[in-house]
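Input: a single structure, listed below in structure tokens.
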Amino acid sequence: MTAIAVSAPERMSRALRWAPRLVAFGEFIDGYDLLCMGAALLFLKPHFNLDGSTIGWLGAIGFLGSALGLIVFGDMADRFGRKVIFVINLACFVIAALASAFVSSVWELMLARFVIGVAVGMDIPTSQSFLAEIAPGERRGRLAGSLPNMMWLGGAIASVLITMAIQPYTGENTWRWLFGLAALPALGVLIARQYLPESPRWLITQGRLDEARKITDALGLPMPAAKSATKRDYRILLSGHPLRKLAATTAFCTFQAFAGAVATIAGPLVFSTAGFQVGQSLYFALGSFILGFIGVALGSLVIDRVNRRTLGIAACLCNFACGVGIAVLGTKSVPGLFCLYMIFSMMSWFGPATLSWVWCAEAAPTQLRGVGSAIPQCAMRLVIALNVIMTPALVARFGIQVIGFYVLSYLAAAIVIGCSPFLDSAGVELEEMDSV
């Protein structure tokens, strides 16, 4: 791999220049796929005559697959390197995406969705680790947090736009086209990622110092101070400061994912409460994700300049207040409901969603970063799967007031941040955090 890159300086230079975007583009595919499934369910329900339980499991099965992919392949990324997992995960995604477009039964679709989930789970800890490991300390928030979230939202927006564009022509087969089209960007990224270098910090932990130096020189970065030929010992994560950091990160990510689901899952509820027709829900979803994109873009301007704990606590408390306002206001004021929901959507992405990516990537030392970032991400995916399954029943029983229940998690997330001084990591190099 490295020999090819070094023997072709121009190609390597281009690949290195685009490395953060190529890595983060995996989240574009994840965002497209997740929202694609949501839109596809509108067409799958009548096609397969689905009941509510089956719809819930179809939505959740991908998250369960990603939880498995996170744990298994997060560890493999630590063992075999970041680049090899990039190749495997996108190859699996392309095959499963194409297969899901040609299924003839619900069980076939569930199997394909599970494999896609595993492929997404492979990519997440690998991308998080790679982005954190090539980012200077003063820009890690933007590269490891803001960039992948902007890509994810870009994929979500693209999914909604494509659905709106092709539905008049593809009719009841729209879901097949949505699934199949997901393979195109994945195939493009798979080809482009062949020219990516390996993570220099991972190379250092393997004792491959010369290769790491060539890559850092090409990137214009100083040689990291990571320990060479470091032994992988899981016990490192089970005591002292590493355990406290991993536990705090996992708790924060779990709470923010549970509450943050309101920005997506509860969107149609807010929309229908306002009196709009269900057929217009795609426009509402599009507006919500555009607001989220704006929120991440604004957050990228400050995430490396301010105390990240202060940013996280302020954003979580703001969303808690907005959620309580939505629950109390209910249907009494449609304009007020929309304003609160718009602020909620933007702030969810401005702070908690982006910070969860940064803190996941910082949760473990380089030799265990893949599995260390996979643990909180796995918790997030399982919580989101639980939300997908339980939300219809909660909404049917409590209506829009259920949002007040969800946002209690933002209050818990703010408490976790307040009790974790080590989460203020702006401008600090990874090796400095590992040595605390």
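Give me the dipole magnitude in Debye, nearest 20, for the chain about the Cα centre, with unit charges on the beta carbon: positive for Lys and Arg, negative for Asp and Glu.
240 debye
Computed from Cα positions, the angle between helix 106-134 and the longest principal axis of the chain comes to roughly 40 degrees. Taking Cα centre as origin and charging only the Cβ of basic (Lys, Arg, +1) and acidic (Asp, Glu, -1) residues, the dipole magnitude of segment 10-223 rounds to 520 debye. Using a cutoff of 8 angstrom between alpha carbon atoms and counting only pairs six or more residues apart, the relative contact order for segment 236-435 works out to 40 percent. Here segment 130-247 is assigned +1 on the Cβ of each Lys and Arg and -1 on the Cβ of each Asp and Glu. Its dipole about the Cα centre then comes out at about 520 debye. Between the helical axis of 9-48 and the longest alpha-carbon principal axis of the chain there is an angle of about 20 degrees. Computed from Cα atoms, the angle from the helix 352-361 axis to the main principal axis of the chain rounds to 30 degrees.
Separation of segment 126-155 and segment 180-212, taken as the distance between their Cα centroids, equals 15 angstrom.
Computed from Cα atoms alone, the Kirkwood hydrodynamic radius reported for segment 342-436 is 15.5 Å. If you wrap the tightest convex hull around every Cα atom of the chain and split its volume per residue, you get 126 Å³.
For segment 236-435, the alpha carbon positions stretch 55, 33, 26 Å along the principal axes, listed from largest to smallest.
Between Thr54, Val120, Leu147, the Cα set farthest toward the positive side of the dipole of segment 10-223 (charges on each charged residue's Cβ, about the Cα centre) is that of Leu147.
Set the Cα radius of gyration of segment 10-223 against 2.2 N^0.38 Å, with N its number of residues, and you get 1.09. Projecting the Cα atoms of Cys378, Gln367, Phe86 onto the charge dipole of the chain, computed from C-beta unit charges around the Cα centre, puts Gln367 farthest toward the positive end. Among Ile61, Ile313, sorting on how many other beta-carbon atoms sit within 10 Å of each Cβ, with the fewest leading, yields Ile313, Ile61. Just give me a number: lysine pairs in the chain, eight or more positions apart or cross-chain, with C-alpha atoms less than 24 Å apart. Going through the chain pair by pair, I get 7.
The numbers here are math on the coordinates, done by the rules we state, and not lab data. Predicted model, so just to flag it, every value in this text is computed and none were measured. Every residue, glycine among them, receives a Cβ derived from its backbone with ideal geometry; neighbour counts consider all protein chains shown.
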